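Presented below is the structure to which this report refers.
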Amino acid sequence: MDPAAYVPDVFDPRIYGAGIPYASYRLLRDHHPVAWQEEPEIAGWPAGPGFRAVTRHADVVRVLRDHTTYSSWLGATQIRDPDPADLPFLRRTMLNQDPRRAAGDHGRLRRLVSRAFTPTRVDAFTGRVRERARALLAAARDGAEDGVADLVAAVTDEYALLNLTDLLGVPAADRGLLLEWTVRIIGYQDPEDAPAPRLGPDGKPLNPRSPALLGEMFAYARELAAHKRGHPGDDVMTALAEAGLEPAELEMFFFLLTVAGNDTVRSAAPGGLLALARDPDAYRLLADGRVPMAGAVDELLRVHPPVLSFRRTAAVDTELAGQPIRAGDKVVVFHASANHDERVFTDPGRLDLGRTPNPHVSFGDGPHVCLGAHFARLQLRVLHEEWRAAMPAPELAGPPRRLVSNFINGITRLPLRVSGPAG
């Protein structure tokens, strides 16, 4: 088949359960960098009108930076179209706003959460994060059967969740709720990872991000904020509770921080360990201190970005990589493809822990670049430092399992050997 004529499918979530389709991404980058993708009905989720898949690094950055042409507000940021009745609700969160449209709301909300998420506040948690990494790794090692542990269940899920709830100021007794909500919202495409979807009157699955399914989370956010006003602490929810937000703004902040804040590290941590397990020589450089840890973390993020795709909607007629885009078209950027673009990264298939520069887009770009990137990098750096200090070289003890999702680059099982001398 002529590769210049063939356009592979990179939409179907089931593809990603088997692995990231790097060969398909490369074919698209080389021959169809802004490729039309169909949206068939899959597993009961309704068909959509189709979209343009953007796979080259330069084009991904252009789309993410140009919020005037490529809007988050018009159709939100998930590939599948939301119910039109849900759009006003979805636009309450700054993730689904454009700086030019929100009458100053996007900038105001972003500045507010930036003040709540200050590097000083985040860095103050370093000691607690390190103690948690050390304790979870020790428990995984000591409790392993035959020297093997599933690092997702034993370490990384708890590590990401507990670090986030400490920063937010969520009471210990309530922390399981945040994981439950995250799994429901993030893993909805995966028949094994998520609970059975609730159906609407038409018999179709309800979008887990719809207001009808988020009432419990929003009620909890209001209760927690009320508690923080009476019992303030040095945490993000106290800062938000005292910031004079509208109730709807507070609810959507809690939603965004709970889901995005948890799943970024929940996906990146096992992904990084898996990459190291598959490349013992690279891990040896890290274990011997021959590459800086901060740079190594960014390279692990490049090869395993937490988010696979983000959607924008064209606000005007335009052109991208020679392809005409009509106002109203869906335009979807693919982070894992951009991070492997040979036009930017030398030998992108190689795990180069000393790679510099490393302009990956794993935390996005432009006005919506991830506000929690500093906290995510801190957690990943500490986890790898503690692994290097106390654990054997990462070694797969069975096949990992990937999340069935075209949005989150998740690992749901990661059996690693945890017995043996450190290093």
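The values are calculated or read from the model by the stated rules, or taken from the named source; none is laboratory data. Here the structure is a predicted model, which is why all the values come from computation and not from measurement. As a convention, Cβ positions derive from the backbone with ideal geometry for all residues, glycine included, and neighbour counts pool all protein chains shown. These accessible areas exclude ligands, DNA and RNA; they are computed on the full protein's heavy atoms, side chains included. Shrake-Rupley method; radii C 1.70, N 1.55, O 1.52, S 1.80 Å.
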The percentage of the accessible area of the chain (probe 1.4 Å, all protein chains present) made up of carbon and sulfur atoms, to the nearest whole number, is 53 percent
Rounded to the nearest Å, the spacing of the alpha-carbon centers of segment 222-266 and segment 301-366 is 30 Å
Heavy-atom accessible area per residue of the chain, all protein chains kept, 1.4 Å probe, expressed in Å², is 40 Å²
Check: C-alpha center segment 31-78 vs C-alpha center segment 273-300, spacing in Å is 33 Å
Sequence order, segment 231-244: Karplus ³J(HN,Hα) from phi using 6.51 cos²θ - 1.76 cosθ + 1.60, θ = phi - 60°, Hz rounded, Gly and Pro as x, gives 9, x, x, 8, 9, 5, 5, 5, 4, 6, 5, 9, 8, x
With 0.36 nm assigned to each residue of separation and the Cα-Cα distance removed, residue 9 to residue 422 gains 144.4 nm
Note, segment 282-294: 3J(HN,Hα) by Karplus (6.51, -1.76, 1.60, θ = phi - 60°), whole Hz, Gly/Pro = x, goes 5, 5, 4, 4, 5, 5, 7, x, 8, 10, x, 5, 4
Distance in nm between residue 350 and residue 222 label points, each 7 Å along Cα→Cβ, equals 5.7 nm
For segment 19-75, using Cα atoms only, the Rg and Dmax in Å read 13.4, 35
Once both label points are put 7 Å beyond Cα along the C-beta direction, the residue 326-residue 229 separation in nm becomes 4.9 nm
Classified through the alpha carbon gyration tensor (a ≥ b ≥ c as square roots of its eigenvalues; rounded if a/c is under 1.5, else prolate when a/b is larger than b/c, else oblate), segment 239-348 comes out oblate
Only helices counted: for the chain, with every DSSP H run of 4 or more residues adding -39500 (n - 2.57) and the sum spread over all residues, [θ] at 222 nm is -13000 deg cm²/dmol
The correct pair for segment 315-423, radius of gyration to one decimal and Dmax as a whole number, both in Å and from Cα atoms, is 18.7, 60
Distance in Å, no decimals, from the C-alpha centre of segment 131-152 to the one of segment 383-399 is 10 Å
Rounded to one decimal in nm, the spacing of the 7 Å Cα→Cβ label points at residue 138 and residue 153 is 2.3 nm
Which residues qualify? For residue 312, with a placed amide H closer than 5 Å and at least 5 residues away or on another chain, they are 331, 332, 333
Both in Å, the radius of gyration and Dmax of the C-alpha trace of the chain are 21.0, 67
